[in-house]
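Shown next, in structure tokens, is the structure this report addresses.
The values are calculated or read from the model by the stated rules, or taken from the named source; none is laboratory data. These figures come from a predicted structure and were not determined experimentally. Here the Cβ positions follow ideal geometry from the backbone for every residue, glycine too, while neighbour counts run over all protein chains shown.
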């Protein structure tokens, strides 16, 4: 079996754990299209320990969206404009944003907490210029959205506000038919038969 096929098969096996239906559709040839969605968080005060809650994408999902990684961009439009070394300061800010986030998937079947409380942004997301972003395997289904609470853990300098954090979800979105008649249990059984989903635990081993 070619290495490329092995790699794709392993990816679908991992995906099947979190969302068997999407994995099943992929094995049936349902197309995926690369997509990116953005959540903007803006701080307008210089005070430390501000929390901005419930930042979401503009619209809920209409199709299943497989989030493969998150990127973030820090923008400080008025900070040190024209000052020598400003770009170096921006680079340091990008790597050390001093922003913590609490991420959930909300809507249909939610909320589902993707972090256990606040965690540093750079622990789960990567700077937009990162060559090897941190891998995720989250799946948003129809009528779901991402919700992000954000906390700044330091006081901003006066020229830093607005301090804008753009968080971009990068992944692949299902295109076309979603096989609506598929029963969840039947899908899991079929994937097991094809070696794409873990076998059920043996009752004698419990």
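Of the candidates 136, 95, 26, the single residue that is assigned by TED's automatic domain parsing to the domain that holds residue 188 and modelled with pLDDT under 95 is 26.
Within segment 113-136, the set of residues being part of a loop (DSSP other than H, G, I, E, B) and within 24 Å of residue 49 (Cα to Cα) comprises 114, 115, 116, 117, 118, 125.
When the test is whether a residue is out of contact with any helix residue (DSSP H, G or I) (no Cβ under 8 Å at 6 or more places or on another chain) and more than 19 Å from residue 167 (Cα to Cα), residue 38 does not pass it. Every condition in (1) out of contact with any helix residue (DSSP H, G or I) (no Cβ under 8 Å at 6 or more places or on another chain); (2) surrounded by 13 or more Cβ atoms within 10 Å (Cβ to Cβ) holds for residue 123 except the one numbered (2). In the condition set (1) modelled with pLDDT of 90 or more; (2) under 25 Å from residue 71 (Cβ atoms), residue 141 is compliant with all but (1). Just one of the listed residues (61, 57, 70) is crowded, with 16+ Cβ neighbours inside 10 Å, assigned by TED's automatic domain parsing to the domain that holds residue 170, at pLDDT below 90 and out of contact with any helix residue (DSSP H, G or I) (no Cβ under 6 Å at 6 or more places or on another chain), namely 61.
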